[in-house]
Amino acid sequence: MIPHNKIYKSLERRIKQLERNGLYESLSTPRVNLPFSPFFRNNFGIFTNPIMTTYYATPAAANYYNAPTHSHRQRGIRICDTCGSTEQPTVKPFRLCGGCMTTNYCSPECQKKHWPSHKAICQHTMAQVAATKQQPINADYPDENIAKFLRRFTSQHSTLLGWAGFQALQLKRVPSNVRQSALLIELIPRPSSDSHRQFAIKGTHIVPRTYVTSRDPLVAADIQRREERCRRAGGIGTAVVLIQCGAVSQVMPVEVDAPSKISWDERNDWAEVLAHFVDSGRTDFKPISTSARGVFYG
Ligand SMILES: [Zn+2]
Ligand SMILES: [Zn+2]
């Protein structure tokens with residue numbers, strides 16, 4: 001068991017110290033050397049990690065030729081962070097943790113049970129969002145509410161983003177990639193009053209997963225917890241999708257089903273599909289699966 005509180009306290013101290021020194025300056029040099037892209041060395045300075053979750057409960061792949069059939073408010077499938085049950089919104093909507101606004105629970109009991117192990121990452125996320133708000137507005141921090149906007153955007157596009165991560169890491173063909181690499185989705189702000197239209201895709205990059213996990217012990221611990229839970233349930237592990245705008249990043253862990261359960265078609269055009277849905281502000285993405293029973297969406 002990792003002493004979350006201890007890590008949190010030291011992080012808190014570090015954040016305060018960094019704030020005194022101005023703009024987290026000492027974090028602006030990445031701690032890992034990345035052979036992947038010169039982009040990181042230059043642009044990856046300050047790093048904040050609200051945690052989002054999405055889940056591969058339904059098999060899928062991409063289709064943007066169909067006309068949208070759902071409301072724009074559709075969101076990804078949510079699972080209870082404690083017991084793993086899946087939300088049936090028409091029966092009983094899940095509750096969101098009011099602190100970090102990222103973990104979901106089926107009941108007050110599950111939320112209460114999770115709190116001792118969730119507390120550290122929850123407070124950490126809150127501290128990161130608060131720190132983001134304090135930053136002066138510039139290219140790295142285009143809006144004081146950037147963390148909130150990113151969270152909403154990610155939540156509305158969670159199925160699409162999770163699917164893109166799955167395709168980018170080629171998890172159907174090479175499941176072990178889940179532990180090696182992560183998908184970084186780079187966004188640029190786009191003025192809009194709709195939360196799902198507030199960003200456009202600037203680029204996508206495959207990065208080593210250690211790029212995410214080596215930076216932040218609390219985030220690494222949370223990913224590890226999901227990884228273990230997912231494997232205990234027969235899944236291949238937790239894919240890491242990093243959603244970044246300016247200097248603010250969000251980690252979206254995606255728990256991936258066992259290979260035998262994955263019926264999503266492999267798609268090499270995932271980056272175009274991703275850009276298409278994001279740019280056209282569509283939140284009705286449904287992955288395509290081709291099985292012996294035919295082709296289906298969702
Ligand atoms: Zn539950
Ligand atoms: Zn929380």
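The values are calculated or read from the model by the stated rules, or taken from the named source; none is laboratory data. None of the values given here were measured: they were computed from a predicted structure. Here the Cβ is made from the backbone with ideal geometry for all residues, glycine too, and neighbour counts use every protein chain on show.
Could we say that LYS172 is basic (Lys, Arg) and without any contact (Cβ under 8 Å) to a residue 40 or more places away in the chain here?
Against the criterion (basic (Lys, Arg) and without any contact (Cβ under 8 Å) to a residue 40 or more places away in the chain), LYS172 does not qualify.
Please go through (1) free of Cβ contacts under 8 Å to residues at least 24 places away in the same chain; (2) touching a Phe, Trp or Tyr at 6+ places or on another chain (Cβ under 9 Å) for ARG231 and return the number of the only condition it doesn't satisfy.
Of everything listed in (1) free of Cβ contacts under 8 Å to residues at least 24 places away in the same chain; (2) touching a Phe, Trp or Tyr at 6+ places or on another chain (Cβ under 9 Å), ARG231 misses just condition (2).
Taking the residues in segment 88-119 that are more than 10 Å from ligand 2 (Cβ to nearest atom) and part of a helix (DSSP H, G or I) as candidates, determine which candidate is surrounded by the most Cβ atoms within 10 Å (Cβ to Cβ).
Once the filter is applied, the top-ranked residue is CYS110.
Name the residue, out of CYS106, CYS110, that is in contact with a Phe, Trp or Tyr (Cβ under 7 Å, 6 or more places away or on another chain), within 16 Å of ligand 1 (Cβ to nearest atom) and modelled with pLDDT of 85 or more.
CYS106
Name the residue that is surrounded by the fewest Cβ atoms within 10 Å (Cβ to Cβ), counting only residues in segment 239-298 that are part of a loop (DSSP other than H, G, I, E, B) and of a type in the set (A, V, I, L, M, F, W, C).
For segment 239-298, the residue satisfying everything is ALA292.
Against the definition (over 20 Å from CYS122 (Cα atoms) and either surrounded by fewer than 24 Cβ atoms within 10 Å (Cβ to Cβ) or of a type in the set (D, E, K, R) (or both)), how does PRO217 come out, yes or no?
No.
Of all the residues that make up segment 117-129, how many are in contact with a helix residue (DSSP H, G or I) (Cβ under 9 Å, 6 or more places away or on another chain) and free of Cβ contacts under 8 Å to residues at least 60 places away in the same chain?
2
Give segment 176-220 a look and list any residue that's without any contact (Cβ under 8 Å) to a residue 12 or more places away in the chain and among the basic types (Lys, Arg), or say none.
Hit for segment 176-220 is ARG190, nothing else.
Restricting to segment 192-218, and then to whatever is modelled with pLDDT under 85 and under 14 Å from the mean Cα position of the chain (by Cα), can you tell me which residue is nearest to SER117 (Cα to Cα)?
Ranking the qualifying residues of segment 192-218, first place goes to THR213.
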